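Read the structure below first, then the notes.
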Amino acid sequence: MKNMRLVVTGPVGAGKSTFVQTASEIEVIQIERNVTNETSIGKEETTVAFDFGKVSFGPELELHIYGTPGQSRFDFMWDILIQDAQAYILLVAAHRPNDLPNARSILSFMEQRVEIPMLIGLTHLDCLGALSLEDIILQLGYVNDQNRPPIVTVNPNLRASVLSTLMTSMEFLIPGNA
C-alpha cells in the first residue's frame, strides 16, 4: 500500500481540526491544549502540534492527513509537517476578513519551503459577513488567474464536502494527473 501525505493548514478557526475529524476513517490523533489568550474566538482548545487522520482510497492508497496549528507561534510544526507532503490545502474562513493577512503569511511560509500542489478551501461562506471569492483571492495576493491555485468551497462539518475536497486534491497527488 502506498501512503501519501496531505497537510491542511490555515488560520485559527478556519476548520482544520474539524476537516481532519470529518475525513478520517480512524480515531483522530489530536494534540490540543486549553486556549490561554485572545486567539480563542469561542474555542476552548486549540491545536498546538497537529491533528492526524487517515483515509483509504481503495486497497492500494492511503492518505495521511495532517492538520497544522493555526497560530504562527507554532510555525516550527508547520515546517515539520509540510516536509514530505505531496500537497496541501489552505483553509480560509470567508467570514473572518481580519484573518486574511495571517492566511497570506501561512501561504508565503509554505511556498518558501516546498514546491508542491496546493488548493484553497473556502469555509464559512454561508455566514453573515462572508467575503466574496474575488475579495478573498485578491487579499491572498492573486491579482489574476495566472498561477492561481484551484479554489473549492468546503464545509468541514459535512463528510461529502470534505471528501469532495480530498478528491480534488487527489487529482494532484496521483502521478500523471498533476
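The values are calculated or read from the model by the stated rules, or taken from the named source; none is laboratory data. This one's a predicted model, so the numbers in the text were calculated from it and none came from an experiment. Quick reminder, even Gly has a Cβ in these numbers, built from the backbone with ideal geometry, and neighbours come from all protein chains shown.
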Worksheet item: Based on what the data block shows, is residue 85 at pLDDT 90 or above, crowded, with 17+ Cβ neighbours inside 10 Å and more than 28 Å from residue 27 (Cβ to Cβ)?
Response: no
Item to complete: Restricting attention to segment 33-67, report how many residues are under 26 Å from residue 4 (Cα atoms) and either assigned to a strand (DSSP E or B) or at pLDDT below 60 (or both).
Response: 18
Worksheet item: From the list 100, 125, 63, 119, which one is surrounded by 21 or more Cβ atoms within 10 Å (Cβ to Cβ), touching a strand residue (DSSP E or B) at 6+ places or on another chain (Cβ under 8 Å) and either closer than 24 Å to residue 153 by Cβ or free of Cβ contacts under 8 Å to residues at least 40 places away in the same chain (or both)?
Response: 63
Worksheet item: Which of the strands (runs of 3 or more DSSP E) contained wholly in segment 72-172 include at least 2 residues that are small (Gly, Ala, Ser)?
Response: 87-93
Worksheet item: Looking at (1) farther than 18 Å from residue 8 by Cα; (2) in contact with a strand residue (DSSP E or B) (Cβ under 6 Å, 6 or more places away or on another chain); (3) at pLDDT 90 or above, which is the one condition that is false for residue 132?
Response: (2)
